[in-house]
Amino acid sequence: MGGLNFKLMEKYAREIVEKAVRKLGITDIAAEFEVPREEKFGDLATPVALALSKVFRKAPRKIAEEIVSSIEERDVFDRIEIAGPGFINFTFSMGFLSSQLARLVREKETFIRKDVGAGQRVQVEFVSANPTGPLHLGHGRGAAVGAALSNLLEAGGYSVEREYYVNDAGRQVKLLGHSVFAKYQQLLGVEYPFPEEGYRGGYVEDIAKRVIEKFGSRYSETSFQQAADFFTDFSYKEMLGEIAKDLKAFGIGFDTWQSERELYESNEVEKAIDDLRHRRYLYEKDGALWFRATSLGDDKDRVIIKSDGEYTYFASDIAYHRKKIEKGFGEIIDIWGADHHGYISRLKAVIHALGYPPERLRVLLVQMVTLLRGGKPVQMSKRAGEFVTLREVMDEVGSDTAKFIFLTRRPDSHLEFDLEVAKEQSAENPVFYVQYANARIHSIFAHAREKGMETADLSDADFSLLEAPEEQRIVKKLLGYPMTFEGAVISHEPHRITFYLQELTGLFHPYYNRYRVVTEDAGLSRARLALCEAIRIVLNDGLGILGLSAPERM
RNA sequence: GCGCCUGUAGCUCAGUUGGAUAGAGCAACUGCCUUCUAAGCAGUGGGUCAGGGGUUCGAAUCCCUUCAGGCGCGCCA
């Protein structure tokens, strides 16, 4: 992968500058580069002379001059200038930019993507909502972020497994089964007390009705004791089916669904505990079995088996993460709601105790979502079964809109999701702004073909005809994509792609409005079509990573 | 009480890991459809980067502290 684009240019520029710096007698300094905010400061800039001013006790501008005068390689640059307090600004030559754009059009993904991962296997686990109720908006945020991160890492050369951990063991699913059982009895006219702390959402009744549809009154005379397994299994499987359906409608898919129950049945929980015991991280106290988490940075030791002999949730979590690691992933990423942040240190302690570097586990916290309607918080009570589901939000504002809202924020910032604002905006929503560019380009191509123009391979167009400042800006923005992309991959931050796409389309729309692509001038038309094609390539790459559709007509 | 996250334009949020005069969208106001799509474009206004101190050539960014909001701190899941 990889061509000689901005990213490589940065490397190249760094070598040139560092070579020049070495001539001044400094060998241990890394020259940093950035894309300047303002156009007049060129295409790449380095503040290295500022950093060196302290070492030499000289004015930074003087040092910059010395560096610049000892640079020999000047062909790809149009200008090398010193500005401000001592920045060195590089501006690429037209010829260089043209050749790079031609390669983008010809090589497509190969050119714009960087192979950061080198095939390393990564697992991303996300959503993993308990199958005891429908997905809510917070799950939606986790889903959007998890899917986008997975796509991003995959595009960045990692081999990614997307996993959903199914909590199908333990008290919660059983409580769901009990709730459904109670509803079932009530629907059949049998007096039956609803369980304390039971699930009260309307979906419980829906499941109970489905039991009646399929099995009639078969269980009306039995106790919950006797029917527990059936009701628990039936109920959580129904629920999981609904969850999977919602996720699919949201455009999210998984490679593996790891069952918690299966970890018990295959004795992996026991084996994991044995493993920790052999490594001397366990001890007994007050009739319970404890993990010595404090020896590895956690604030408290943690119970694995309670004094009544029951496993804690933590026990299966240990087995689960042990399994992940032993599947051979170089990196394990867990995406959690921020309310679980207290579990990070104990799980890292587990990884450490099992003999692996704790950094191999990366936990990405996704902050809470506050749902508003017209500025007022929507009352939600899980206990009373009153909450707005992801499904309802999708129906009301659309999945692309919802995803875009999730992906234009850093995961660790609190999110206010106002349904009214999201809906009001949907006419002028930023997501449509980005998608609209794609639709327009599609129209341009349809029009060009109607005029009998050849649009199949445009890489041989004469790019030097793209002289307008708007065109130059777009070309530079396009060639900057690999840098943004690589930065997003390395930092695991899909939202950088979202912002980039808004910036790119923010250059395209004004350009479209001001210039005609298809005109009587065949050569110029061809060059502009090629530019549009380049935009389309990058746009589709970014939209695909974010999990957003790229409609050809809007 | 302890720990984690957050505080940037009226609102919702970015800010390239310490760089140049802090940005975008929405909202407000004024114009632009006989053209490849007006879900668009052109223009105008909008800031004590929560407050204070420190680190240095340089801070929204790093350190300390105060304030405000959110979330955690079970032999619950």
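None of the figures in this text is laboratory data; all of them are computed from the coordinates on show. What you see is a predicted model, and the numbers here were worked out from it, not measured in a lab. Using ideal geometry, Cβ is built from the backbone for each residue, glycine included, and neighbour counts are taken over all protein chains shown.
If r is the Cβ-Cβ distance from A:Glu450 to A:Asp115 and R0 is 56 Å, what FRET efficiency results, to the nearest 0.05?
0.90
Tell me, in nm to one decimal, what length is gained between A:Phe215 and A:Asp28 on full extension, where the rule is 0.36 nm per residue of separation less the Cα-Cα distance?
Working it through step by step, the gained length comes to 59.7 nm.
What ranking do A:393-401, A:142-150, A:518-526 get when scored by the average of other Cβ atoms within 10 Å per residue, highest first?
A:142-150, A:393-401, A:518-526
What does the net charge come to around A:Leu419 if you take all other residues with beta carbon closer than 10 Å to its beta carbon, with K and R at +1 and D and E at -1?
-3
Net charge within 15 Å of A:Ser69 by Cβ-Cβ distance, Lys/Arg positive one each and Asp/Glu negative one each, not counting A:Ser69 itself?
+3
Consider just the alpha-carbon atoms of region A:62-176 and return their Rg together with their Dmax, both in angstrom.
25.0, 76
Quick check on chain A: what are the equivalent-ellipsoid semi-axes from the Cα gyration tensor, as sqrt(5λ), descending, whole Å?
53, 32, 19
Please give, to one decimal in nm, the separation of the simple spin-label points placed at A:Ser159 and A:Ala228, each 7 Å out from Cα toward the Cβ.
Between A:Ser159 and A:Ala228, the label points sit 4.3 nm apart.
Only counting other Cβ atoms within 10 Å, I'd like A:Ile537, A:Ile474 sorted with the fewest neighbours first.
With the sparsest Cβ surroundings first, the list reads A:Ile537, A:Ile474.
Which one of A:Leu539, A:Thr505, A:Val518 is farthest out on the positive end of the charge dipole of region A:428-546, using unit charges on Cβ (Lys, Arg +1; Asp, Glu -1) and the Cα centre as origin?
A:Thr505
Tell me which aspartates and glutamates have Cα within less than 17 Å of A:Lys271's Cα, excluding those fewer than 8 residues away on the same chain?
Excluding near neighbours in sequence, the set is A:Glu260, A:Glu262, A:Glu310, A:Asp317, A:Glu326.
Where q = 0.19, 0.22 Å⁻¹, what log10 of I(q)/I(0) comes from the Debye formula for region A:433-554, counting one point per Cα?
Debye intensities relative to I(0), on a log10 scale: -1.03, -1.31.
Work through the residues other than A:Gly342 whose Cβ is under 15 Å from its Cβ and net out their charges, Lys, Arg +1 and Asp, Glu -1.
Value of the local net charge: -2.
Suppose every K and R has +1 on its Cβ and every D and E has -1 on its Cβ; what is the size of the dipole of chain A about the Cα centre, in Debye to the nearest 20?
Computed charge dipole of chain A: roughly 920 debye.
Based on the Cβ-Cβ distance of A:Glu552 and A:Arg473, what FRET efficiency does E = 1/(1 + (r/R0)^6) give at R0 = 25 Å, to the nearest 0.05?
Result of the calculation: an efficiency of 0.50.
Using per-residue counts of other Cβ atoms within 10 Å, averaged over each peptide, order A:31-40, A:122-131 from highest down.
Ranked by mean Cβ neighbours within 10 Å, highest first: A:122-131, A:31-40.
Helix hunt in chain A: which complete DSSP H runs extend at least 30 Å axially by C-alpha with mean Kyte-Doolittle at least -1.0?
A:224-249, A:430-450, A:522-546
Points 7 angstrom from Cα along the Cβ direction at A:Phe194 and A:Asp339: gap in nanometres?
If labels sit at A:Phe194 and A:Asp339, their model points lie 2.0 nm apart.
Based on Cα coordinates alone, diagonalise the gyration tensor for region A:6-92, multiply each eigenvalue by 5, take square roots, and list the semi-axes in whole Å, largest first.
The answer is 19, 14, 11 Å, longest axis first.
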